[in-house]
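Asks: Quick one: structure below, then a few questions.
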Amino acid sequence: MCYYPHQISIKFANDNAFQLELRRRVDEFFRATGRRQRDCWQMYVKTAILLAGFAVSYVLLVFAASTWWQGLLLAILLGLSAAGIGFNIQHDGGHQAYSNHPWVNKLMAMTLELIGGSSYLWRWKHVVFHHTYVNITGHDTDIDLGILARLTPHQRRLAYHRWQHVYLWPLYGLLAIKWQLVDDFRELISGRISTQPFPRPNGWELAIFVAGKAVFFTVAFGIPLLFHSVGVVLFYYGVAGLVAGIVLSVVFQAAHCVEEAEFPLPREDTGGIERAWAIHQAETTVDFARRSRVVAWLVGGLNFQIEHHLFPRISHVNYPAISRLVEEACRDFGIKYAEHRSFRAGLASHLRWLRRMGMPNAAG
């Protein structure tokens, strides 16, 4: 893992026995079964289905919808398709978990540009800052919503956070639109993601950023405005954006910002985390709906969030198969393995967590 010179690197404990043993068991599983860790045929089929769903929803919305309810339904489907691309195709590609070939991973990661994001900025925000420092306040940028909400016991509480468990849900959708239209440009100009500095893109990465935004604005606004009024285009863009934003946000929140997840801080004397990296990943993450094949397919295996954080470079189609090995290893080493039986239970836990963090003198 490479770091920008001005970043503060947090050290984890050196006891890697759990990580080494878990890796041995998982590697043995793949050898014994002959399964591929990447370049899985299921991913190529899923990619075709999701991209086709996105394209068909878009074409019908722009060129065929003749009534408001048809447009509304298609905008919702378009938002869900965009979220599906993010969960499945882009996510595996961005983690280099889609293929053994770097160019394939890069191409799949760039599907994020199609739905309005930047694969370069996402890699720093998610792969580096979130996956390295998951749930560490001030370092994990995915749990920093600024003054909008208090997601950890170590963030400053403001008076209106008392109601965050009510007002935050619809705002999750607006966060995606804000990300598409504002955040990427602000981060590019400032050279910071939340409080964390990162190297601005240059060369080909900058060209991809500019071209990606040009493609997105053309698809989202340019082409539709040739056939529809400004008000109609903005309305259906808003619907699709809200749907995608809410879905993307709540899946992440159900895995990290819940009652069962830990929110450790570095020690004041050493600046390090008491747990080893792999143990930290397991204890700051919560699975949900592990027995639902439908949920796993739709959210790109992110309901197996513990498995994903421990093995981010293994394709998510393998997570159901290795989850038993991960759970057994956690039990053998006395490490907490938390899960919610359903997605609904995960959302309920997130709701309770938001309410708790919004109360005066709230603690984890």
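The values are calculated or read from the model by the stated rules, or taken from the named source; none is laboratory data. Since we're looking at a predicted model, the values are computed, not measured. Positions of Cβ are generated from backbone atoms using ideal geometry, with glycine treated the same way; all protein chains shown enter the neighbour counts.
Asks: Tally up the residues in region 81-107 that are in a helix (DSSP H, G or I), within 15 Å of the chain's Cα centre (by Cα) and of a type in the set (A, V, I, L, M, F, W, C), please.
Replies: Residues in region 81-107 being in a helix (DSSP H, G or I), within 15 Å of the chain's Cα centre (by Cα) and of a type in the set (A, V, I, L, M, F, W, C): 5 in total.
Asks: How many residues are in a loop (DSSP other than H, G, I, E, B) and within 19 Å of N16 (Cβ to Cβ) if we restrict to region 268-279?
Replies: 2
Asks: Another question, then. Only one of L50, L72, L78 is touching a helix residue (DSSP H, G or I) at 6+ places or on another chain (Cβ under 8 Å), surrounded by fewer than 18 Cβ atoms within 10 Å (Cβ to Cβ), at negative phi and in contact (Cβ under 8 Å) with a residue 12 or more places away in the chain; which?
Replies: L72
Each row is one residue, and each column tells you yes or no for (1) in contact with a His (Cβ under 8 Å, 6 or more places away or on another chain); (2) surrounded by 20 or more Cβ atoms within 10 Å (Cβ to Cβ); (3) on the phi < 0 side of the Ramachandran plot.
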position: R123; (1), (2), (3): no, no, yes
position: T137; (1), (2), (3): yes, no, yes
position: I143; (1), (2), (3): yes, yes, yes
position: R162; (1), (2), (3): no, no, yes
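Asks: Among the residues in region 315-328, are any within 15 Å of the chain's Cα centre (by Cα) and not hydroxyl-bearing (S, T, Y)?
Replies: Yes, region 315-328 contains a residue that is within 15 Å of the chain's Cα centre (by Cα) and not hydroxyl-bearing (S, T, Y).
Asks: For residues that are outside any helix (DSSP H, G or I), within 30 Å of A296 (Cα to Cα) and out of contact with any Pro (no Cβ under 7 Å at 6 or more places or on another chain), tally how many sit in region 216-267.
Replies: 7
Asks: When region 267-301 is examined, which residues are found to be out of contact with any Gly (no Cβ under 6 Å at 6 or more places or on another chain), under 28 Å from I49 (Cα atoms) and buried (at least 24 other Cβ atoms within 10 Å of the Cβ)?
Replies: Of everything in region 267-301, those that are out of contact with any Gly (no Cβ under 6 Å at 6 or more places or on another chain), under 28 Å from I49 (Cα atoms) and buried (at least 24 other Cβ atoms within 10 Å of the Cβ) turn out to be D287, V299, G300, G301.
Asks: Looking at (1) touching a strand residue (DSSP E or B) at 6+ places or on another chain (Cβ under 9 Å); (2) free of Cβ contacts under 8 Å to residues at least 60 places away in the same chain; (3) within 20 Å of A97 (Cα to Cα), find the lone condition where S342 falls short.
Replies: If we test S342 against (1) touching a strand residue (DSSP E or B) at 6+ places or on another chain (Cβ under 9 Å); (2) free of Cβ contacts under 8 Å to residues at least 60 places away in the same chain; (3) within 20 Å of A97 (Cα to Cα), just (3) comes out false.
Asks: Out of all the residues in region 340-361, which are surrounded by fewer than 20 Cβ atoms within 10 Å (Cβ to Cβ), at negative phi and not in a helix (DSSP H, G or I)?
Replies: Once the filter is applied, which keeps residues that are surrounded by fewer than 20 Cβ atoms within 10 Å (Cβ to Cβ), at negative phi and not in a helix (DSSP H, G or I), region 340-361 yields R341, S342, M359, P360.
Asks: Looking only at residues that are without any contact (Cβ under 8 Å) to a residue 24 or more places away in the chain and either closer than 29 Å to I85 by Cα or of a type in the set (D, E) (or both) in region 15-29, which one is surrounded by the most Cβ atoms within 10 Å (Cβ to Cβ)?
Replies: R23
Asks: Return yes when R290 is in contact with a strand residue (DSSP E or B) (Cβ under 9 Å, 6 or more places away or on another chain), among the basic types (K, R) and closer than 29 Å to L20 by Cα and no when it is not.
Replies: yes
Asks: Do any residues in region 186-197 that are more than 19 Å from I147 (Cα to Cα) have Cβ atoms under 6 Å from those of residues that are of a type in the set (S, T, Y), where the two are at least six apart or on different chains, and which pairs are they?
Replies: Note: pairs meeting the criteria are P197/Y4.
Asks: Anything in region 201-260 that is surrounded by fewer than 18 Cβ atoms within 10 Å (Cβ to Cβ), polar (S, T, N, Q) and modelled with pLDDT under 95? List them, or say none.
Replies: Of everything in region 201-260, just one residue is surrounded by fewer than 18 Cβ atoms within 10 Å (Cβ to Cβ), polar (S, T, N, Q) and modelled with pLDDT under 95, namely N202.
Asks: Scanning region 94-108 for residues that are buried (at least 24 other Cβ atoms within 10 Å of the Cβ) and touching a Phe, Trp or Tyr at 6+ places or on another chain (Cβ under 7 Å), which turns out nearest to Q196 (Cα to Cα)?
Replies: G94
Asks: Restricting region 164-187 to residues that are crowded, with 18+ Cβ neighbours inside 10 Å and over 17 Å from the mean Cα position of the chain (by Cα), which is farthest from V251 (Cα to Cα)?
Replies: The residue in question is E187.
Asks: Quick check, is T111 crowded, with 21+ Cβ neighbours inside 10 Å, among the hydroxyl-bearing types (S, T, Y), under 23 Å from R200 (Cβ atoms) and touching a residue at least 40 places away in the same chain (Cβ under 8 Å)?
Replies: For T111, the condition - crowded, with 21+ Cβ neighbours inside 10 Å, among the hydroxyl-bearing types (S, T, Y), under 23 Å from R200 (Cβ atoms) and touching a residue at least 40 places away in the same chain (Cβ under 8 Å) - is met.
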